[in-house]
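The values are calculated or read from the model by the stated rules, or taken from the named source; none is laboratory data. Because the structure is a prediction, the values reported are computed rather than measured. Note that we place each Cβ from the backbone using ideal geometry, even for glycine, and neighbour counts take in every protein chain shown. Please note that ligands, DNA and RNA were not included when accessible areas were found on the heavy atoms of the full protein model with its side chains. Shrake-Rupley method; radii C 1.70, N 1.55, O 1.52, S 1.80 Å.
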Amino acid sequence: MPPPPAPRKKYRRHESEVSCCLKYLIFGFNVIFWLLGLLVLGIGVWAWSEKETLSNLSRLTRVALDPAFILVLIGTLTFIIGFTGCVGALRENTCLLAVYAIFLAAILLFEISAGVLGFIFKDWIKSEATKGFQSFIVSYREDPDQQNLIDWIQERWLQCCGIEGPRDWDRNVYFNCNSTARESCGVPFSCCKQQSLWIRNTQCGYDVRKPEYPQDRGLVIYDKGCLIGGEEWVEANLIPVAAVGVALAILQV
């Protein structure tokens, strides 16, 4: 009678299949990503609540141009990516790590595609940016987020006024020269060449587009449009922008 087969020895895995250093590096990086996404998401939701968007959903008709919606979208995506990477690395969950890798690959592909398409269809992008800025000008007093965004672009970033020049503010019902408002035939204060960063003259743009304005308009407000200002900024900062893009791509790889 043949001897019974020897029982198989079960070997328990005592060592992780992933390097401990790599594991906690991914974990730490994604914890920061996770918390950052949660913060951005919270800011977006708070901005919506301040504008009473959540209680009046009819305000979401132009959601694509709403800065708060962009914050909510970016915060949600960042939170999800950070969660999958953080928990997947800590628990060594291959399913979550696969989802995390797919997310990063999709973002990298999107960035590369956006860069290539942006170079090919730059005229179309310029046209869409012009339409978006026109919409912002029309609703300047209606949406505080869009108002703050335009003021930041004109005053802090590009030092410009309007899309192609100050005359574009005639599209707004308050700054239109046929308006009865005090701001009629003027521009927002963010178009002005402020003399001090701490003290702002919020009435400096009043009447500057009227023919009988007593001063040289070029000394008071920016004559350059933001479209030209944006093109000049890209040309002047092309190398830093490209370096940031390459650095992000390397981090994702």
Given Cβ charges of +1 for Lys and Arg and -1 for Asp and Glu, the option among Ile228, Tyr213, Cys192 whose Cα lies farthest towards the positive end of the dipole of the stretch 187-231 is Cys192
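Rounded to the nearest whole Å², what accessible area per residue is found for the stretch 169-253 with the 1.4 Å probe?
Roughly 66 Å² per residue, with all protein chains present.
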Output the pairs from Lys51/Lys224; Lys122/Lys210; Lys51/Lys193; Lys131/Lys210 with a Cα-Cα distance over 28 Å in this structure; if there are none, say none. Lys51/Lys224; Lys122/Lys210; Lys51/Lys193
Picking from Gln134, Gln159, Phe119, whose Cα lies most toward the positive end of the charge dipole for the stretch 105-162 (charges on Cβ: Lys, Arg +1; Asp, Glu -1)? Phe119
Rounded percent of accessible protein surface that carbon and sulfur make up, the stretch 64-185, 1.4 Å probe: 68
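Are there trypsin sites (Lys or Arg not before Pro) in the stretch 128-183 that DSSP marks as loop and that have at most 11 other Cβ atoms within 10 Å, and which are they?
Arg182
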